[in-house]
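Heads up: the structure comes next, in C-alpha cells.
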Amino acid sequence: MLEELIAALVAAAATTLLVSPTLAEPIGALIDGTYNIAAAPFHPVSGDIIAWWLSGGLAPSLPGIGTIFAVSLTCYLFAFLAKSGEQRAKDGGVLGAARLKDARELRKGSFT
C-alpha cells in the first residue's frame, strides 16, 4: 500500500504542476463563487508552464491548485490500488491458499 501511495503522490504532483497554469484560476474562482462565464470566459494559458509558476501565479490560485491536487491524488490512488488488487487476486487473495476445512478434516485434527 505504501508503494501505491508514493506512486499516487508523485503522479498527482506531476499532474498538478502541468495542469495548474490552465485550470487553477477558473477552479479557484468557482470555489470562491466569483467565476462568471459571461464576464470572464475561460482562457487557457498558452505560455510556458515554468514561467507561470515563477511569475506569482501560485498565491491567488491556491484553492484551485489544492483542488486539482486532491482530485488527482484520489483518482491516482484508486487506479493504483485497483491494479494492486488485481495482482493480489491472482496470487490467491489476502489469505493465499487458505481454505475452509470440512467436517472430516476437523475431526481428524490438524498437525501443520
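Where the second residue is surrounded by fewer than 21 Cβ atoms within 10 Å (Cβ to Cβ) and modelled with pLDDT under 85 and the first is on the phi > 0 side of the Ramachandran plot and lies in the stretch 19-38, which pairs have Cβ atoms under 8 Å and are six or more apart or on separate chains? Listed by first residue and then by second, the contacts come to nothing, as the list is empty.
If we scan the stretch 2-20, do we find a residue that is at pLDDT below 85 and out of contact with any strand residue (DSSP E or B) (no Cβ under 7 Å at 6 or more places or on another chain)? Within the stretch 2-20, none of the residues are at pLDDT below 85 and out of contact with any strand residue (DSSP E or B) (no Cβ under 7 Å at 6 or more places or on another chain).
Does the stretch 81-96 contain any residue that is modelled with pLDDT under 65, surrounded by fewer than 10 Cβ atoms within 10 Å (Cβ to Cβ) and more than 22 Å from A7 (Cα to Cα)? Yes: one or more hits.
The values are calculated or read from the model by the stated rules, or taken from the named source; none is laboratory data. No experiment lies behind these values; they were computed from the predicted model shown. Cβ coordinates were reconstructed from backbone atoms using ideal geometry, including for glycine residues, and neighbour counts include every protein chain displayed.
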